[in-house]
Amino acid sequence: MNLRYRVAALMAAAAASWGSASFAQSAPRVSPPAEKAAGKLTKPPHLKKFVEPVYPDSEKASGKKTAVALSLSIDADGKVVDATVVGSAGAAFDAAAVDAAKQLEFDPAEIDGAPSAVRIQYRYDFELKPVVVVPTTADFGGVVRDKSTGKPLAGVTVRLDDLTTKTDGAGLFRFPEAAPGVHSVTISGDAFTPVGTEETLAVGHKYDATYDVDVPKEPLAPEERVDFEIVVVDTELEKSVAATSVSADQGGRVAGTGGDVIKVVENLPGVARSTVGSGALVVWGAGAADTRVYVDDVHIPVLYHEGGFRSVIHSDLVQNVELEPGGYGAAHGRGLGGLVNVGMRPLEAGPYHGSVSVDAIDASASVRGSIGDKFRFAGAVRRSHLDWVLARVTSQDVGEFVPIPRYWDSQLRFAYVPRDGESIEIGGLLSSDHISRSLVEADPADTKTEGKDSGFERIYMRYQRRQDDGGTVTVTPYFGLDRSKISSQFGAVPAILQNDSTLYGLRAAWTGQPVDFLSLGAGIDAEVVSSTLHRQGSVTEPPREGDLRVFGQAPSDNVNFDEWKTVVAGLAPYAQADFSLAGGAVHLVPGARIEPSVVVTSRSALPSGDLPSRGTSRENSELEPRFAARWSATKRIKLRAAVGIYHQPPLAEDLSSVFGNPTLGPSKAVHYLAGAAFQLSKAVSVEMTSFYSKQTDLVTRSALSVPVQAEALIQSGLGRAYGTQILLRHDLVKHFFGWLSYSLLRSERTDAGTDQYRPFDFDQTHVFTALASYDLGAGFEVGGRFRYSTGYPRTPVIRAVLDARTDTYEPVFGPHNSIRIPSFYQADVRVSKRFKFSEDSGLEIYLDVQNVTDHSNPEEIVYNADYTKKSYITGLPILPVFGGKLTW
Amino acid sequence: MVTRTMRAVGLLLGSVLAFGCKPNIEGRPSLVDRSRVLAVQSVPAEQAPGDEAGVDYRALYAQVDDDGDPSKVEWAFCAIRKEIAVIGPAALECLAPSGKALAQLGDGADVHAVIDKDDCSVFGPSPPTPKEGEPASRPADPDTTGGYYQPVRLLVPTHEDPDYVVGVTRLACGLSGATQDQSIEYADRYRPNENPALAEIEVTHSNGKKESFPVSNDVPNVTVASRERITLRVTWAACPTTSTCGDGICGAGEYAMDRKVMGDDVAGCPDDCATPKGCTGSEPYVELDAVKRAIVSHREAMRVSWFGTDGSFDHDRTGRTEEEVGDAFSENDWVAPGSRGPVHMWMVLRDDRGGVGWTELTVDVGS
């Protein structure tokens, strides 16, 4: 045997995967070329460049696993100069092996220490293996259908950010290599106006979305072509365990709302029916002040104008309104009750559009458009004119005697969109209310005047950016002024409470999906409220929850006065994770929020002579863990649960040393809830949620007849609320939508000095709402609403005592909140007709008839002068409101 | 053109916004259809706690049936302050026949009592000094005239549950939260309240005929036709609207001169600031204005409560505000019943510092 070609060493076998083939290099045997004299192999050739053979296409069908043995001649430079098949696997495999082998490069072998040519045995193994892909994209596809018929829509343009495709004859579309992250999806076609939504796509996931688009039988005016219901399967993101969201399109068509989208909140499960004319939002048995209201990320003090007839945001600017009655995530806090999020409509590039609407109560106008693609704007203004109307149709100045709400509001928004996925918006929200009345009596002590002036202004900037990795960044600083002045005069007894606040807020949030199964969110929620307050009059006016009094009762004539300033500041970092497990069927959402806060009050003790006032401050730092879990047990059944701790800082009004307590700290609530959602059919779903809320450190009146100085209020109250709510909902399909909501709940409080629970002043055991709307075609639409609710609790008057100093009887009460106002039920009807003037303009007229049966609903209990007889103040009689809206 | 329909719609909206419909409920306080107490008078109307002279209390008891018996009225001082959020004249514990909160005074249509010397700390501006380590107590809030009151509870038996009535004596206490100078000024200028008194009753018949009756111990009598509408006017003393030297009222300028804090060009009247003198009409008084943080002058508002055993008054109560101090009278219309017979009337005059006075009138309703 020629020593130069004897096997000198074993080379490590190399194996790799490539394409659909795999191979193995055999342990080569080395021998010198025959023509050279034999020498000693001092260094075997080392593979320097490996070339993979191609599994022949012609053989893929067979999937054969085989090998080709080769004899390679390697020159002194390490090049393969010849490759000869010595063990064939067939022509195709042999050729592939030879082609690859000729491209191999070696460190040359050495014989006797010098580079030399050698011949080696080499083997390629061929094996067809499954495709192994390292995914970098998502496969996003689906179908677009006509909502009313369920038939697929062909030729519809589907745009995923900058990518565009059209649906095929089966209505199908697909983006096989969509980038992960949050995307804007728009769907457009000749028969309808483009609609849009956002989708979050994860790497390696395949999405099968269904978009049901409401295609009108006849083209609609632009204002009517928005907010079609979109149902997305598989990619649905649930932000909250118990949130109920209503699109602007549906909300504005609900009877009894007067076309006001946000008014629909009153019809959602978990919301108590407010007394007519109050507009108070009582959610899951929490006080009205315990529910926070946001317009996107901007906190506003109220949702409705005084009287509750209108919301403070024009409906044309609203995309949806969402109510989270409890158990919400770590991104929000400072409220013991629910959360209302008003989502503003995204500003889009396009031609100018606008609207003008008017009814008996107010008039409004809106406009939106863009300058080029990058500068976009929208604005709206509304003003009430009921006082003007009444002044012309009545023979007396009724405004002097009845509380006619006078209000206006305006919203302005400007956005700069430098690129897709990034925007800077500057906006303003303004609202103002005035309401007053006077009741002049022959007895000056019975003459009453009441008035309230309130309003708020907000200026905000919002920066939003969608990152390339799918994450989002949102930063919203805002500045605002809140003002409220309640003034009344009962005879000689004044009651003034004025609060002027300056508010600085910042909300910054980041969301991202670092790995396939995990979404993260983190941010900062900061708010500083500086208030200057003035209060004069009785401690009993304005009344607090739990006060024993009857409707219309004059306040105590023991009076006092205070002026004070407060600063309530909080800076809350928060973080939240969403673990997607079991293929997305299970979501575990832990979160936490740290709420450090400081409350500074300018006066810690009662005013006394020339003594200068001395301030006080209190710092708190609260940890608020939150946790939610969702499980899609089946395609149609989802189970969910949540628990969370919430704190709420004291109200500036309560920090008076004279009327309240300047050392109050935050109140606390713990929410527990669990529920299930069942998708009964494509359009019909039912959701059920049970909840329990425990509240501690609530602010209550001192029960002492001689309280400690500066402790007219103390923080010893307890509260609890529990119940179940059910929502049976039919989405907008085939021109019909509606829902049935029912809440069974109990809300209770304790007063100072006792651990005994009594019903909350705004407790309603049963709240039932049924509403529906149907598009009759030819522009006609009809809707109805029926509401039933248990009456609010009231405390019975068991006898009366004559106050001989004032010659008035004062009530003596029985057990606290042990009787109720009779139940309320009312039916409302709405009929509308749309007239189309052109492709882009039209007119809608509507008749919204509240209490169509003219049912006399008791709203409050009233008594005669000596409380020996009682009766009820009744609410709205039949009230038709006619209005119209012109759009272009 | 404003049509009737438009007006109806407007009124409908107006009524809706006036919070639906407020019912009229039977039971007007001016109709005395059972025996009951109509007023309680403290003589004097205002007194310093602990004054050994004491206070005479008397009730205006309208006895219109056999159940009424003024001798069975039970009197008691309420000894505790009401809770801060309670609207009413006295602590709930005092609206009972007996209890720790009550200091019994006796039975009858009138009683005599001495007000406890510590009342200014219980009901007034001077809470007791806290013990070491204990927080200070909150002084009581004054009424709109700056007053504090000792409540006196009347238990009035009826054939069913007893009536409870609370009268008061205004307490001559100091001020809460005032400077030393303000306290001194207040002490010098403040004059205790005097019960008001009605001076004359004038009746104007539907035919324009007028009858006047000076108030005396005799109950005047008038005759009216059934269903006749008459106008009743009561008058009271016209107290001076501006302070002049010698009127016994310590005006601001007079006080200032008395304290020698103003220039010599201001005519002083120290005597007016040294001798208390009241008035049975709308008296001037001073109080500490909590908003202005200063001693300010006021006049009493006056109210008249009208009561009758039959017929119907237009108003249960009428009155004059502080700004109407020049009008020392008040009027009310009364419609006689359709049935014949006597109707007894009571007119009760109250000032807003807790003072009370009354008179009576008998009306014979003819055919």
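The values are calculated or read from the model by the stated rules, or taken from the named source; none is laboratory data. Values in this document were obtained by computation on a predicted structure and should not be read as measured data. Note: ideal-geometry Cβ built from the backbone for every residue, glycine included; neighbour counts use all protein chains shown.
Worth pointing out:
- A:GLU859 being more than 13 Å from every other protein chain (Cβ to nearest Cβ), crowded, with 17+ Cβ neighbours inside 10 Å and charged (D, E, K, R): no
- A:SER519 vs. criteria among the polar types (S, T, N, Q), more than 9 Å from chain B (Cβ to nearest Cβ) and farther than 22 Å from A:ALA605 by Cα: yes
- Residue selected from region A:526-562 under the condition among the small types (Gly, Ala, Ser) and in a loop (DSSP other than H, G, I, E, B), by the criterion modelled with the lowest pLDDT: A:GLY552
- Qualifying residue in region A:639-652 (condition: at pLDDT 95 or above, of a type in the set (Ser, Thr, Tyr) and assigned to a strand (DSSP E or B)): yes
- Wholly within region A:775-827, strands (runs of 3 or more DSSP E) carrying at least 3 residues that are away from chain B (no Cβ under 14 Å): A:780-789
- Yes/no for B:PRO97 being away from every other protein chain (no Cβ under 11 Å), part of a loop (DSSP other than H, G, I, E, B) and in contact (Cβ under 8 Å) with a residue 24 or more places away in the chain: yes
- The strands (runs of 3 or more DSSP E) located wholly in region B:169-242 that include 1 or more residues which are out of contact with any Cys (no Cβ under 9 Å at 6 or more places or on another chain) and exposed (fewer than 14 other Cβ atoms within 10 Å of the Cβ) occupy B:210-214, B:221-225.
- The set of residues in region B:294-322 being at the interface with chain A (Cβ under 9 Å from one of its Cβ atoms) and either within 15 Å of B:ILE230 (Cα to Cα) or outside any strand (DSSP E or B) (or both) consists of B:ALA301, B:ASP314, B:HIS315, B:ASP316, B:THR321, B:GLU322.
- Among (1) surrounded by fewer than 22 Cβ atoms within 10 Å (Cβ to Cβ); (2) at pLDDT 75 or above; (3) within 30 Å of A:SER747 (Cα to Cα) - the single one A:PRO269 does not satisfy: (1)
- Number of positions in region A:696-742 that are in a strand (DSSP E or B), over 21 Å from A:ALA289 (Cα atoms) and either touching a residue at least 40 places away in the same chain (Cβ under 8 Å) or touching a strand residue (DSSP E or B) at 6+ places or on another chain (Cβ under 6 Å) (or both): 17
- Any hit, region A:439-457, residues being within 14 Å of chain B (Cβ to nearest Cβ), modelled with pLDDT of 95 or more and farther than 30 Å from B:SER330 by Cα: no
- Candidate set from region B:336-350 (those that are touching a Lys or Arg at 6+ places or on another chain (Cβ under 8 Å) and over 14 Å from B:VAL222 (Cβ atoms)); member that is nearest to the other protein chains (Cβ to nearest Cβ): B:ARG350
- Residues of region A:440-489 satisfying the condition of being among the small types (Gly, Ala, Ser) and assigned to a loop (DSSP other than H, G, I, E, B): A:ALA442, A:GLY470, A:GLY471
- Residue selected from region A:863-888 under the condition in a strand (DSSP E or B) and hydroxyl-bearing (Ser, Thr, Tyr), by the criterion surrounded by the most Cβ atoms within 10 Å (Cβ to Cβ): A:THR887
- Residue in region B:325-332 that is assigned to a loop (DSSP other than H, G, I, E, B), within 11 Å of chain A (Cβ to nearest Cβ) and either out of contact with any Cys (no Cβ under 7 Å at 6 or more places or on another chain) or surrounded by 17 or more Cβ atoms within 10 Å (Cβ to Cβ) (or both) present: no
- Considering region A:585-625, and only residues there that are touching a residue at least 60 places away in the same chain (Cβ under 8 Å) and touching a His at 6+ places or on another chain (Cβ under 9 Å), the residue that is surrounded by the most Cβ atoms within 10 Å (Cβ to Cβ) turns out to be A:ARG593.
- Taken over region A:692-748, residues that are small (Gly, Ala, Ser), more than 14 Å from chain B (Cβ to nearest Cβ) and farther than 24 Å from A:ASN267 by Cβ amount to 2.
- If you go through region A:591-615 and pick out every residue that is away from every other protein chain (no Cβ under 14 Å) and polar (S, T, N, Q), you end up with 3.
- Lone qualifier among B:VAL32, B:VAL64 - being more than 7 Å from chain A (Cβ to nearest Cβ) and modelled with pLDDT under 90: B:VAL64
- The requirement of being farther than 15 Å from B:GLY68 by Cα, crowded, with 24+ Cβ neighbours inside 10 Å, more than 9 Å from chain A (Cβ to nearest Cβ) and touching a residue at least 60 places away in the same chain (Cβ under 8 Å) is fulfilled nowhere in region B:157-168; no residue meets it.
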